[in-house]
Amino acid sequence: MIMMLSLTLSAGQKVKNVIFMIGDGMGLAAVTAAWIGEGQPLAMQRATVGGFVATWSASARVTDSAAAATALACGVKTANGVIGQTPDGQSVESILTRAHKAGLATGLVDTYSITDATPAGFIAHVRSRKDQETIAAQIADSGIDVFMGGGRQFFTSRKDGRNLAAEMEAKGYRMTGTLDEALSCKRPRLGVLAAEGALEKADAGRGDYLARATEKTLELLKAASRKGFFVMIEGSMIDGGGHANDLKMVVSETLDFDRAVARAFDFADRNPGTLVVVTADHETGGLTMPAASNDKEQHALTPGVDYLFSTKGHTCTMVPLLAYGAGAEAFGGIKDNTDLPRIMARLLGLKW
Ligand SMILES: [Zn+2]
């Protein structure tokens, strides 16, 4: 009954807020493994529209997170390793920057360094994703309203001696070193640098950081602009589980991401005109689930029997695309990664 109601309300509704959620390295098998591991349906399954995204970059069939982020943020294919530029070095504008220029509030949330490839693609322009000090400086100058993640070292322990956190405070930002300190913050601008580099893993002390960071960011962005907002929220470490061929990590990080998706869907239920799009930048690990034990009630997954990884790297298989809320209908079928920011921008009425 509730689901039918939200379907009716979302049809044809004007889109004011976009919550773009990226599970880094989250292929279909990761979602399936998380579902089996949890033993019950995921929040992602509340999505009303589904499809697939092709992930190749301009330089390779198998993309890295930098080219994928540039495609998902700026609608342009680039070479692996490049952030916010075409293969020949022209800067390209992201949907987040376009939203900011149009007066919408903007935000970025992740569980790794906020200067890492995926969030960087939404704000920065650099030849190499490794240039994280430059990415931090570009974040500091971007006018972004809220960001939460790790990577403090790139703001405060820099080769050029600048202290970007202090500079941002001078510009009116509240800067904190933990999410807890940020919870009392009633309005932007806010920057949370919760670790020197990456945060801890979901099953090694990070707790419900991502879900809480998601909820706090949405509350602040809602208060920041009457025109609406654009935010990108990343489940950053599913990718690391795939690279390590560590299914336990893939499952715990995917479930952690799913808890943030639940908060985003709940926000969309409470705030008409909110679109949530959930996807991945690429698949990692070449995970397959042959289920040789083939017991449907069995939630423990045995390596080599119930699952196999086929690579320590990324693969080019298409990734899931899920949408919920206002404008969700636009995300069915097979899309290219460069299609997504363009569709979201059109729904928000942003110039492209
Ligand atoms: Zn990766």
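The values are calculated or read from the model by the stated rules, or taken from the named source; none is laboratory data. Remember, predicted model here, so these are calculated numbers, not experimental data. Here the Cβ is made from the backbone with ideal geometry for all residues, glycine too, and neighbour counts use every protein chain on show. Keep in mind that these areas ignore ligands, DNA and RNA; they rest on the heavy atoms of the full protein, side chains included. Shrake-Rupley method; radii C 1.70, N 1.55, O 1.52, S 1.80 Å.
State which residue is nearest to the ligand (Cβ to nearest atom) when the search covers only the range 78-96 and only residues that are open to solvent by 30 Å² or more (accessible area, probe 1.4 Å) and over 17 Å from ALA280 (Cβ atoms). That would be PRO87.
Please verify whether the range 122-129 includes one or more residues that are more than 30 Å from ALA268 (Cβ to Cβ) and polar (S, T, N, Q). Among the residues of the range 122-129, at least one is more than 30 Å from ALA268 (Cβ to Cβ) and polar (S, T, N, Q), which makes the answer yes. Hey, does the range 35-56 have a residue that's closer than 29 Å to PHE229 by Cβ, of a type in the set (Ser, Thr, Tyr), modelled with pLDDT of 95 or more and within 16 Å of the ligand (Cβ to nearest atom)? Yes, because at least one residue in the range 35-56 is closer than 29 Å to PHE229 by Cβ, of a type in the set (Ser, Thr, Tyr), modelled with pLDDT of 95 or more and within 16 Å of the ligand (Cβ to nearest atom). With respect to ALA170, is the statement that it is within 30 Å of ASP258 (Cβ to Cβ) and either touching a Phe, Trp or Tyr at 6+ places or on another chain (Cβ under 9 Å) or hydrophobic (A, V, I, L, M, F, W, C) (or both) true? Criteria not met by ALA170.
Restricting attention to the range 1-31 and to residues that are in a helix (DSSP H, G or I) and modelled with pLDDT of 95 or more, the residue that is surrounded by the most Cβ atoms within 10 Å (Cβ to Cβ) turns out to be ALA30. Considering the range 237-336, the qualifying strands (runs of 3 or more DSSP E), each wholly inside and each with 3 or more residues that are crowded, with 17+ Cβ neighbours inside 10 Å and more than 15 Å from the ligand (Cβ to nearest atom), run over 274-280, 319-325.
Yes or no, residue by residue, for (1) β-branched (Val, Ile, Thr); (2) farther than 19 Å from ASP336 by Cβ:
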{"site": "PHE52", "(1), (2)": "no, no"}
{"site": "ARG61", "(1), (2)": "no, no"}
{"site": "ALA66", "(1), (2)": "no, no"}
{"site": "ALA99", "(1), (2)": "no, yes"}
{"site": "ALA102", "(1), (2)": "no, yes"}
{"site": "ASP110", "(1), (2)": "no, yes"}
{"site": "ILE114", "(1), (2)": "yes, yes"}
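Does ARG152 count as of a type outside the set (A, V, I, L, M, F, W, C) and either surrounded by fewer than 24 Cβ atoms within 10 Å (Cβ to Cβ) or away from the ligand (no atom under 16 Å from the Cβ) (or both)? Considered against the rule, which asks whether it is of a type outside the set (A, V, I, L, M, F, W, C) and either surrounded by fewer than 24 Cβ atoms within 10 Å (Cβ to Cβ) or away from the ligand (no atom under 16 Å from the Cβ) (or both), ARG152 comes out as yes. Within the range 158-197, being aliphatic (A, V, I, L, M) and in contact (Cβ under 8 Å) with a residue 40 or more places away in the chain holds for LEU190, VAL192, LEU193, ALA194, ALA195. The residue of the range 198-236 that is surrounded by the fewest Cβ atoms within 10 Å (Cβ to Cβ), among those that are in contact (Cβ under 8 Å) with a residue 60 or more places away in the chain and within 16 Å of the ligand (Cβ to nearest atom), is ALA198. If the condition is being assigned to a helix (DSSP H, G or I) and not aliphatic (A, V, I, L, M), then the range 67-87 contributes THR70, CYS74.
Residues to consider are ALA166, ALA120, ALA140, ALA182; find the one that is farther than 29 Å from LYS16 by Cβ and aliphatic (A, V, I, L, M).
ALA166
The residue that is farthest from GLY89 (Cα to Cα), counting only those in the range 122-142 that are open to solvent by less than 10 Å² (accessible area, probe 1.4 Å) and part of a loop (DSSP other than H, G, I, E, B), is PHE122.
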